[in-house]
Amino acid sequence: MTRRLPVLLSGLLLIAGLPLAREAAAAPRYAVPAAVRVNIAGLGTSYAILSSTGTVAVTRASGEVVYQGGLRTLTRTNVRRLAEGGGIDLPPTNTNVTDLSPEERQSRARLFREARQAVREEPSALVNVPFQFAVLRNDRDDVGTPLIASDRVVGLHFATDDGFLTFDGRAFRGTFDLALDDEGDMIVVNEVPTSEYLASVVGSEEPSSWEPEALAAQAIAARTYLVTHLARHRAYDLEGDTRDQEYDGVGGEAASTVKAVARTAGVIATYQGRAIEALYSANAGGITEDSENVYASALPYLRSVPSPADDVAKTSSWGRTSWEWTTELTAPQLRDYLAVRGLNVGDVQRIDVTSVSRTGRVMGARIVGNAGSRDIGKDASRYYFGLRSTLFTVAVRPADETEFVSYTNTERLRTLELLGATIDAPAYTRLIDPDRETSEIRVVGWIYRLPARFVFTGKGYGHGVGMSQWGAQGMALQGRSASEILTHYYLGIALTNIGGA
């Protein structure tokens, strides 16, 4: 039976084996804000369709109403316009407009031909509009009727009284603002009540069907992360993806996540009166990592601890590869993969693991190729090799190894196809009749011949520091409370109710 967090009238939560949290005299005061501003456009967008499930009102900073109604709106940067012929805007080349009629396809093709011809005859015939805001007439329209054209991104505010706002196929509560990120790219900022943001984060970071105590632990960790990462950007508070916390808007919410946030309202994790750096990852692979082996600082509450409950993932059809996994790459594939990430050593000949932490994670590796070598450290191997974690070993397998694969193993068949493996021979099984005669021969799979390749074999998913989400679920299934989960993964902490959402 799971146990709920006992809420005391003093505003603090009692943790087994730890005294009540006391604020240190010089400790900063934290507060859970009523609302939070989240960048939901990732690294920026040049083409954003913003609308509402009801009606949307779009206003300038001055309060002037630019548009109000039920149509979808479009914001674009660097719009190409054919100046001749009344200033015709060219459709974007990177959108996938569905259900175009043959006539509409021909019209688009003709427009692009005319633009190319006009540019050949007069380069200035094609002009660039840095920013445009338009209203789309229907689902097939990807240009719209322009309402604003400007030499810079115009700050616009989007609100609705009778539905949800939508962006990139997702629905959101609260309001939208067009803004610039710290690099000057156009983004969409969602301002949303903090309780609703947290309810979505919990469901975006973990399945909403997980145990209530695992969801409550996630809610406290997410709230703690929130209060320690506010106001680090000019136009918004947090990124809406794994650079901060995954946030999928209304799609991340469920009754269970709303309840997890409500029952832990205002509670954060503190160490000696200060809000902690509440890091977490999907699966620690059986043991978490010391913070300094991934990040810059050695924090006393982010110490390596056993995480045996992580293995609950291995019985999950979708989560099992966060427990144990294998990644295979041929030398040319690895060369190209590294080159995209700015690391060029030519054809990779070997990978030497030069340092490992006491948990077994790779702390340093040397990549040796026919055009040089490169050393990488700490968590970088996840990025450069495209791995789920740094808890791995690597081996070089020779060419011409053979492997039987059942025709039902579609996952392995796809992997071998990507590796460029070839079919050596079909594999058969014989069906024997009652007279012990062969009645039928069936193909059950194929014998593949594999190329030389690098084989990475590992466990876990993510950086491995702090709380393991699968470990939290495993502990909750064992009857452990959210308080016990958090104090297991964050050493020496207290849970403190600072008020608010």
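The values are calculated or read from the model by the stated rules, or taken from the named source; none is laboratory data. Since the structure is predicted, the reported quantities are computational estimates derived from the model, not experimental observations. Cβ: placed from backbone, ideal geometry, glycine included. Neighbour counts: every protein chain shown. Ligands, DNA and RNA are stripped out before the accessible areas are found, and what is left, the full protein with its side chains, is counted by its heavy atoms. Shrake-Rupley method; radii C 1.70, N 1.55, O 1.52, S 1.80 Å.
Report, in whole Å, the centroid distance computed from the Cα atoms of segment 278-320 and segment 224-274.
19 Å
Take residue 61 and residue 164, extend 7 Å from each Cα along the Cα→Cβ direction, and tell me the distance between the two endpoints in nm.
Distance between label points: 3.0 nm.
Kindly rank 41-47, 243-249 from highest to lowest mean number of other beta carbons found within 10 Å of each residue.
Working: 41-47: 16.6, 243-249: 20.6.
Per-residue mean Cβ counts within 10 Å order the peptides as 243-249, 41-47.
If I take R0 = 56 Å and measure r between the Cβ atoms of residue 243 and residue 443 in this structure, what FRET efficiency does the formula 1/(1 + (r/R0)^6) give, to the nearest 0.05? Present the calculation step by step, with values, prior to reporting the outcome.
Working: r = 48 Å, r/R0 = 0.85.
The calculated FRET efficiency here is 0.70.
According to a simple spin-label model (label point 7 Å from Cα along Cα-to-Cβ), what is the distance in nm between residue 318 and residue 47?
Between residue 47 and residue 318, the simple spin-label model gives 2.8 nm.
Can you give the direction-averaged projected area of the convex hull of the alpha-carbon atoms in the chain, in nm²?
Working: hull surface 136.4 nm².
Seen from a random direction, the Cα hull of the chain projects 34.1 nm² on average.
At a probe radius of 1.4 Å, what is the per-residue accessible area of residue 361, in Å² to the nearest 10?
That residue has around 10 Å² of solvent-accessible surface.
Using only the heavy atoms of the protein chains and a 1.4 Å probe, how would 447, 485, 423 rank by accessible area, largest first?
Numbers: 447 50, 485 0, 423 95 Å².
Accessible-area ranking of 447, 485, 423, largest first: 423, 447, 485.
Heavy atoms of the protein only, probe of 1.4 Å, neighbouring chains included. What is the accessible area of residue 470 in Å², nearest 10?
The value for residue 470 is about 20 Å².
Tally up the carbon and sulfur contribution to the accessible surface of the chain as a whole percent, 1.4 Å probe, everything protein left in place.
On the way: 11950 of 23750 Å².
Carbon with sulfur: 50 percent of the solvent-accessible area.
For a Förster distance of 35 Å, can you work out the FRET efficiency between the beta-carbons of residue 182 and residue 344, rounded to the nearest 0.05? Intermediate values should be presented prior to the final figure.
Values: r = 29 Å, r/R0 = 0.82.
Efficiency, rounded to the nearest 0.05: 0.75.
Of 213, 417, which has the most accessible area with a 1.4 Å probe, and how do the rest follow in descending order? Numbers along the way, then the final one.
Values: 213 0, 417 140 Å².
Descending accessible area places them as 417, 213.
Determine how large the accessible area of residue 407 is when every protein chain is in place; take a 1.4 Å probe and give Å² rounded to the nearest 10.
120 Å²
Just by accessible area at a 1.4 angstrom probe, what is the order of 80, 412 from largest to smallest? Please list the in-between numbers first.
On the way: 80 90, 412 45 Å².
I get 80, 412, largest accessible area first.
In units of 2.2 N^0.38 Å, what is the alpha-carbon radius of gyration of segment 259-325?
Numbers: Rg = 14.8 Å, N = 67, 2.2 N^0.38 = 10.9 Å.
Compactness ratio reported: 1.36.
For the chain, what relative contact order do you get, as a whole percent, if you take Cα pairs closer than 8 Å and at least 6 residues apart?
Numbers: 1133 pairs, mean separation 96.0, N = 501.
Taking the mean separation of contacting Cα pairs over the length of the chain, I get 19 percent.
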